[in-house]
Amino acid sequence: MLRKMKKRLAMKRAKKFFVEYCDKCGSKTMMKKEYSYTHPLLGMIKILCYHEECPICGLTGWDYDMLGEKYFEEHKQRRKLLLQNYNPTANEYFSLKQMALLESRTENEILSDSAFNIFVYHLNLNGTRIYLKKSYEMFRKSHDGRFRLV
Ligand SMILES: [Zn+2]
């Protein structure tokens with residue numbers, strides 16, 4: 001419900017501030033509801049968010065709402081691909097407890113470490129967090145445990 005309301009508000013705001021001409025080439029811009037792009041690690045991402053697009057030069061008007069949608073959809077896609085390709089039942093994950101032992105830190109320290117949150121693929125399942133082994137091993141070697149999931 002909250003997301004629906006947020007979208008409705010965003011649309012109203014977009015309409016109010018709708019600029020009719022492109023900043024770059026001066027052509028008349030169009031209001032679009034959908035934006036899609038290819039993420040290097042997650043593949044095709046489609047977001048539903050009102051924004052302005054120039055049909056001639058392709059300039060796109062972004063705002064913070066759209067960045068929020070982008071973050072949300074990428075998160076959703078990452079989760080979907082992890083569940084699909086790295087099933088948690090196949091024992092490919094470390095529990096938060098195992099992680100704390102491996103790192104010689106407390107569970108809270110792991111949970112609040114932003115490098116861990118960004119660079120180690122993890123899933124929140126049944127109220128607990130689990131970390132993909134492969135991603136953690138990569139992170140230990142190169143400080144970045146992200147890799148192509150598609
Ligand atoms: Zn343009």
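Just so you know, all these numbers are worked out from the coordinates, no wet-lab data involved. It should be emphasised that the depicted structure is a prediction, and the values quoted were computed from it without experimental measurement.
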| message | Can you give the log10 of the normalised intensity I(q)/I(0) at q = 0.19 Å⁻¹, computed with Debye over equal Cα scatterers of segment 2-85? | response | -0.87
| task | Holding the Cα-Cα limit at 19 Å, pick out from K70/K133; K97/K141; K80/K141; K80/K133; K46/K80 the pairs that are longer than that. | result | K70/K133; K97/K141; K80/K141
| Estimated [θ] at 222 nm from DSSP helical runs (n ≥ 4, -39500 (n - 2.57)) normalised by residues in the chain, nearest 500 | -13500 deg cm²/dmol
| In vacuo Debye scattering of the chain, one point per C-alpha: log10 I(q)/I(0) at q = 0.14, 0.15, 0.19 Å⁻¹? | -0.80, -0.86, -1.09
| request: Could you tell me, in Å, what Rg and Dmax come out for the Cα atoms of segment 93-142? | output: 9.8, 30
